[in-house]
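Peer 1: Please find one structure pasted underneath; my questions will follow.
Just so it is clear, none of the values below were taken in a lab; they were calculated from the coordinates. Remember, predicted model here, so these are calculated numbers, not experimental data. Here Cβ is always computed from backbone atoms with ideal geometry, including for glycine, and neighbour counts include all displayed protein chains.
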Amino acid sequence: MDSILQRAADGGRITPEEALLLYTDAPFHALGEAADAVRRRRYPDGIVTYLIDRNINYTNVCVTACKFCAFFRAPKHKEGWAHPMEEILHRCGEAIDLGATQVMLQGGHHPEFGVEYYEDLFSNVKQAYPQLAIHSIGPSEILHMAKVSGVSLEEAILRIKAAGLDSIAGAGAEMLPDRPRQAIAPLKESGARWIEVMTIAHRNGLSSTATMMMGTGETNIERIEHIRMIRDCQDLAVANGYRDDAVETSHQVGGFRAFIPWTYQPENNHLKGRTQATTMEYLRFIAVSRLFFDNVAHLQASWLTTGKDVGQLALHLGVDDLGSIMLEENVISSAGARHRSNLHELIWMIRTAGRIPAQRETLYRHLAVHYTEADDPTDERVVSHYSSIAMPEGGRKNLPLVEVQ
Ligand code: SF4
């Protein structure tokens, strides 16, 4: 155990079997110390980043009906909606006013939304707000739009990239291995197809993040298999010299910029049950991920699902990024995630963990480093769920909706 931990802490590669052993058996403090050593070596300046962005949903209509999803409505359901372009642009404008540098446009697999819809969406946002990075959609949406439009995956990716998509979100990964994926999302593409889409995107200069949803009954072996699939995909990208068209910095060779595990939220869906990933399981997995991903630059804590205290603790287990303030978030919030924060609190969490807070942009370049409190931003309006429709007290009333036929 000691030699595996030491090798991983020194930047050496560990096998999936060794990762499993560390996950299940390594003493917690030794595991955390090794993971933190990796963070310190990668980021000796002690900086931990955060982002200001808004997750904007264009439709909740979806044909894929994942069992864990509380957000979607089936086609023709009376609660189905699709926001008109003016509403989406309005929300982008609000986000910019609050300092956002990124939007995550995310939605269901609408039966009529092909590549043309996404070209229109991204080009409109880009034209109106060229300064806003579009870090959006995931492999599922790309597979869906290619199918609706009858084009190849490569054509779909090249067309939405040309329309303005800057980065693919790692959404829809859930659990990549077949057994747990079939159990929670039987109509979704396989994990192998998710990886295939990412590989095509990476090959074409479009980088991404990768996520994982823990806690729906998957085994420890399947959790490790999930990160093995992502690491292998990144190996391929690195070996072929794939990198984002916009990235010049050498530490970001490869297609995946970051790994973001989060925990299943059990409200209002068909899977129900409870989150079967305890805080310790989550924190141990964070540390193992840092040790396992010798080829992925960043590791993000998910305070939205695990809570702010756990998010802050993760900063001692290899995490170098606390994610977004999330001015708006509806998908995970619909399933019960109720944690909220604000800009001051996020910065305070980072600083009181002994790190230096910095605002970053989509590609992790620093926009402002807050070395002391005198450097801190002062905008009191930058709060989570600024206008989330998922929060009973949030959101604007009389939202213009389009009835889906
Ligand atoms: S998770 Fe995505 S693909 Fe699955 S039902 Fe929800 S909106 Fe549809």
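Peer 1: Using a simple spin-label model with points 7 Å from Cα along the Cα→Cβ vector, what separation in nm is obtained for ALA74 and GLN131?
Peer 2: 4.6
Peer 1: I'd like the isolated cysteines in the chain, meaning no second cysteine's beta-carbon lies under 4.7 angstrom from theirs.
Peer 2: CYS62, CYS92, CYS233
Peer 1: For the stretch 231-302, which GluC sites (Glu not before Pro) pass both filters: DSSP loop (anything but H, G, I, E, B) and at most 16 other C-beta atoms within 10 Å?
Peer 2: Those that pass, being in a loop and sparsely packed, are GLU248, GLU267.
Peer 1: Please arrange ARG203, ARG257 by counting, for each residue, the other beta carbons lying within 10 Å of its beta carbon, fewest first.
Peer 2: With the fewest neighbours first, ARG203, ARG257 line up as ARG203, ARG257.
Peer 1: Among LYS126, LYS67, what is the fewest-to-most ranking by other Cβ atoms within 10 Å? Could you put the intermediate results ahead of the total?
Peer 2: Working: LYS126 17, LYS67 14.
Ranking LYS126, LYS67 by Cβ neighbours within 10 Å, fewest first, gives LYS67, LYS126.
Peer 1: Right, another one. Expected output is a single nm value to one decimal: the length gained when fully extending between SER190 and ALA65, i.e. 0.36 nm times separation in residues minus the C-alpha distance. What is it?
Peer 2: The SER190-ALA65 span can extend by a further 43.5 nm.
Peer 1: Okay, moving on. For a quick check: with amide H placed at 1.01 Å from N, whose amide H comes under 5 Å from ILE356's, ignoring anything fewer than 5 positions away on the same chain?
Peer 2: ILE47, VAL48
Peer 1: Now, a different point. Taking H placed 1.01 Å from N in the peptide plane, check which residues at least 5 places from ARG73 or on another chain put their amide H under 5 Å from its amide H.
Peer 2: Here VAL61, CYS62 satisfy the definition.
Peer 1: Where does the charge balance sit around LEU98 when Lys and Arg score +1, Asp and Glu -1, over other residues with C-beta under 13 Å from its C-beta?
Peer 2: -3
Peer 1: Sum -39500 (n - 2.57) across every DSSP H segment of at least 4 residues in the chain, then divide by the residue count to get the 222 nm mean residue ellipticity, nearest 500. Before the final figure, lay out each step's value.
Peer 2: Values: 15 runs with 161 residues, N = 405.
Taken over the chain, the calculation gives -12000 deg cm²/dmol.
Peer 1: Sticking with this structure for a sec: GNM, the chain, Cα, under 10 Å: largest mean-square fluctuation among GLN182, GLN359, GLN127?
Peer 2: GLN127
Peer 1: Additional query: In percent, what relative contact order does the chain have, based on Cα pairs under 8 Å that are 6 or more apart in sequence?
Peer 2: Computed value for the chain: 22 percent relative contact order.
Peer 1: Please give the helix 191-203 orientation as an angle from the longest Cα principal axis of the chain, in degrees from 0 to 90, rounded to the nearest 10.
Peer 2: Orientation of helix 191-203: about 90 degrees from the principal axis.
Peer 1: Output wanted: per-residue J couplings in Hz (rounded whole) for the stretch 56-65, from phi through Karplus 6.51 cos²θ - 1.76 cosθ + 1.60, θ = phi - 60°, x for Gly and Pro.
Peer 2: With the stated coefficients, the stretch 56-65 comes to 10, 9, 8, 7, 9, 7, 8, 9, 9, 6 Hz.
Peer 1: Multiplying the sequence separation of ALA374 and ARG338 by 0.36 nm and subtracting their Cα-Cα distance, what value in nm do you get?
Peer 2: The ALA374-ARG338 span can extend by a further 9.9 nm.
Peer 1: Sort THR219, THR275, THR378, THR49 by Cβ crowding within 10 Å, fewest neighbours at the top.
Peer 2: Ascending Cβ contact count within 10 Å gives the list THR378, THR219, THR275, THR49.
Peer 1: For the stretch 141-152, just list the computed ³J(HN,Hα) in residue order, Karplus coefficients 6.51, -1.76 and 1.60, θ = phi - 60°, integers in Hz, with x standing in for Gly and Pro.
Peer 2: The phi angles translate into 5, 5, 4, 5, 5, 5, 5, 4, 8, x, 10, 6 Hz.
Peer 1: Out of residues 5 or more away from LEU367 or on other chains, whose amide H comes under 5 Å of its own, with H placed 1.01 Å from N in the peptide plane?
Peer 2: GLN359, ARG360, GLU361
Peer 1: Treat each spin label as a single point 7 Å out from the Cα along the C-beta direction, and report the GLU33 to ARG203 distance in nm.
Peer 2: So the two model labels end up 4.5 nm from each other.
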